[in-house]
Structure formats: C-alpha cells, structure tokens
Amino acid sequence: MSPILVPALYVMSGVCAFSALQHGLAALRRRVSRDHLLFALMSLQIMGFVMAKAGAYGAQTVDILVTMRRWEIAFACGFFPLLLWFVADYTGIRPRKMLAWLSAFFALMFTVNLILPYGIQFIDLPSLTYFTLPWGERVVDLRVLQRGFWHKLTWAGVFAVMGYCIYACSVQYRRGGRQRARLLAWALGLFFVPVLFNVAVNLGLVEFVHTGEFGFVAMIVFMDLVIGLESRDQSRRMRAVLDHLPVAVCLKDLQGRYQMVNRGFETFFHVNTPILDKTDFDLFSREQAERFHANEHLALDTCTKVESEDVLEWNGKSHIFRSHQFPLLRPDGSPYGVCGVCIDITESRQQDEMLHKFRRQVWHTDRVTSTSALTASLAHELCQPLSAILNNAQAGLRFLAQDGVDLGEIREILQDIVRDDKRAGAVINGLRTMLQQQETPYADIDLSQCIEEVIGLLHSEFLRCGTEIERTLETNLTVRVNKTQIQQVMLNLILNALEAMMEQPAGERVLRVNLTRTDGKALVSIRDNGIGIPEEMLNRVFEGFYTTKPQGLGMGLEVCRSIIESHHGAIWAETNSGGGGGGGPHYTLTWCL
C-alpha cells in the first residue's frame, strides 16, 4: 500500500507555512494588528509540530524517534501560550494573571522537555514498534505507553487551556459577541475533539493513531478563513465609511498614479470614468495638475502633511477647496504612497463672508447708538470752538473799524480763529470716522494717540458727569489694527464706566485709563470706582443680549469681544485690586492685542 499519512502531514505543514506567511505579512502591513501576528506564530508552531510528528511516524531508529517526540512537545509548549493570548485578544477576555501563570507553566514544560534525557514523552528509552493502519500503511507506533509525572502535568496544562477557551467563548457570547463566539467555538471544537481523541488512544480505549495534529491544522484552516472574512468585512466597512465622507479622498503610488478614490472624489471632481492608474494630468488642467504634483512631492520629500487652498472653475462657478497631502509610510519610515484629502469650503467661505458682513452692520449700529447718546456733549464740544470763532471774528471786525489798526492784535485773533476751527474740525472728523459705514483697513497706528482721540471726543461728557480722568499711556506703542473698531471698543468701555459711576458723588468719580506693554502685547485697562459688577455676573457680561441695564440691549460688550477677538486679542472683566471711593467692589475691563 502506498503511504498516505506521512505525506498528508507534510502537506498540512505546508498549509500552516502558507498561513504563517500570509498573516505575518498582514501583521507587518498593519503594524498594530496583534491578532495577525499571534496567528502567524501559532501557524509556525503547528507547522513544526506536524513536521515533527511526520518525522516520528517515519523514524528509522529509536534516537530519531526520541528527538522527533522531543521536538513535538517543544512546538506544543510554544503553541499553547500563543493560543491563550490569541483567544484573549480575539474575545477581549484577559485574566492577565491566569494567562501569565499558564504561559510560565508551558515555558517550564519546554525547559523540562529539553533537560530530561528522553523528553517528557518517555521515562526510559523506548523500543521501536510499528502500527498498521486500516488501509495497510505501516508507521511507528506513537501511542504513549510510559505516562510519567511530567507527561501527566503537561496534559493538565492542556486541559487548563481548554477550560479558559470555553470560559472566554461563553463570556463573549453573553456580552453580545455571539457571531465571533460561535465561530471561535467551532474552531476550538475542531481542535479539542481530535486532542481528546488522543487521550482515548493513549489510554487504550481506541485502537488508532493520534489525530491531534489534524485538529491543529483544522483549527488553523478554519480560523484563517474566519480572520480573512473579518478582514474583508472590515475593508468593506472602511470603504463604506470613505464613500460617505463629505470629502474627496484619493490614494496614489509614488509615480502619481491613482490607486483608490472614494465616491466623494468622483462627485467632487466630476469623474465619470475609471481613473485607476491615471494621473492628475489625465483629469485636470496642466496648471492644477502641476500644483497637485508639487504638493505631493513636497509631502514625500519631507514626510509631513502639506496643506494648500485652490480654486477650480466648474460649470462657470468658482469652487474653493482645501487640500491635504500626506505620505503613507512603511515601518522603516520610507514612503510607499501618498494620500490626498480635499474639502470643498466654498459654502463655508460664503457663510463667513455673510457673517462678517452682518457683524460689520452690528458694529456700525452699535457705533451709531453710542455716538447718538453723546449728542448733547458733541453739540457742546462743537459750540465752544464755534462761539470762540464768532467772538474772535466780531472782535476783528471792530478792530478794523477803528483807526490805526494793530496788525499784531489782528494776527493773534486770526491765529485763535484757525486754532478753534481746527478743534471743531477734529471733533467733526472724529465723529465722521466713528459713524462711517465702510471700515477703515488695518494699519500700523500709535495706540496712545488713538486712545487720546477718543478721550478728546468725550471731553465734554467728562465735564458734564463731573468725572476726573487719570491716564497713563505708554508712547510709541505701535500696533496693526482697524483704528475705527478699536476706537469703538474704547468708546463703549468708557461710556459703560461713566454710567457705572453715576451713583457716586460728582467730585469722587475717577476714571483711570492705562496703556502698557506686557510680554510683547499691548495691555489697555479701564478702571472706574463705580458700583461694580456682581461676582456671579463676571463670566456673562460679554454674552450677547445679556445686560444689567433696564434699557440696555446687551450688545455693547459683545461687540467689544467680537472686535478684540477678530484682532487675535482677548477681553475680560475682573475685580479692581485698589481702592477708590465708591460704594461696592471695583472691577476692571482689560483687553490686549
């Protein structure tokens, strides 16, 4: 009869070798998939076990038999700890102490197997006996007839592994992972049944050869199919996720040929034909393709992400999109491809422009409201220079009507008229700037001079309210800001301070305005000695439509916050640390650029 068993074992060892190679490569590609790595190592151990078993069946001498059986136990002691950790990772049931103890136990068995003169399988040197299979093939009889202490202890460890695997499957089933638990139970059943059959053979209950190696291979083949199906399912799920993302995603090789695109890419760039192995020059204009190509080369050369913004014309409309190119790296750090992600930000930009337009309208409305509240003060501020101009002009006329005109006196009168005219013009120009709808552009300004202009505009208001102003302004402090908006903030804060001090006696109202440079930033503080802000309201005063005034809209401080944040600054309220004569606590409004 031609041999069947031994060649079949060698074929099964080849199957295990293929499985080890396949999952080993998968582990290298994924770099973090421990399931694949553990399964590859398990396949290698089973391959060695099956080859040792085949060698033992065909042993020609007792020494070869002992050596093969020693290798068989060695590979088994390497397989069972890997099986423990594989099941633990696959099910998520990780009693780490038990896993560590069982792993240490099989490490001990591995060491004992090397130390004992005939390994764990034999107590004394065995004799070479043969067994004839039902189909007539004659092989060495491997049924263990010398069951010593270490052999029995090893089987106890095997049964402990079986118990843990059954426990892990049952817990996973109860936790809701029924599909995975069932598949793992089938795989372990294909393994444990032939192993238990080995026990029956060793005890003489069944007259046959060992079948444990078939159980090993059956489990490997079954779990290989299960893991492969799960990997394909995971790939389908990832593909579904990519296709439903509201962005365009593509993957290219190092030559710039497309290897994968999602549905968003096809929709975003209106691609209707297969584009695999095509390049950007086949899809876009040469200018756009060269831009993509340059960004991808930069990402590959620097091994970092490259961001850019571009504009494409589709159907007569401009589309703004932001693209991100980043390299895909091997474990050694070398790139093997480049991934691109494009996001259409056209609507977002349009919404930002509409929001900015609305914000400008709110800011303008707030300026008009603030300056309209100063009508009386502005009228008084203008009446003073106009009255002085009128008086000086009348005096000049009287001097001219007399004989012997004093030209020096006339010159002084004209100089006074010019001074008062400039003063009135400054008030009018400042008011026009505050009220104009169109914003002035960002420019480098002297912040102290900007604040002085606001204080000058409010000069009559300070006199009317009986408020003393103390200012400490650091000169030559230049910042790049929108002057109109910054003056609007100062106007709002100073008017709020004046209102807060109305309950103080007229001679005790003090407003302090400070401008300093701190850590490279301009720090402006406005302090009053008014009634203050309740502690629980400090965090809410900058919220929109929140106000403590009976007739207030709650927009002034919110506008201030928006303006300062648009200048990349911050604004906040805090309790005054100093005294200051007034009823109640003292607070500070501070903002920095």
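The values are calculated or read from the model by the stated rules, or taken from the named source; none is laboratory data. All values derive from a computational prediction rather than experimental measurement. Using ideal geometry, Cβ is built from the backbone for each residue, glycine included, and neighbour counts are taken over all protein chains shown. Remember, those area values only see protein heavy atoms, side chains included, never the ligands or the DNA or RNA. Shrake-Rupley method; radii C 1.70, N 1.55, O 1.52, S 1.80 Å.
Overview of values
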read-out	value
For the range 124-249: span of alpha carbons on each principal axis (Å, largest first)	73, 33, 23
Rounded Å value of the spacing that divides the Cα centres of the range 158-207 and the range 500-527	80
Highest average packing first - 204-215, 69-80, 233-244, Cβ atoms within 10 Å	69-80, 204-215, 233-244
Positive minus negative residues near F105 (Lys, Arg vs Asp, Glu; Cβ under 14 Å)	+2
Contour minus Cα-Cα distance for I115 and D253 (0.36 nm per residue)	44.3 nm
Per-peptide average of other Cβ atoms within 10 Å, ordering 132-142, 84-94 highest first	84-94, 132-142
Per residue value of the accessible surface for the range 1-106 (all protein chains in place, 1.4 Å probe), Å²	45
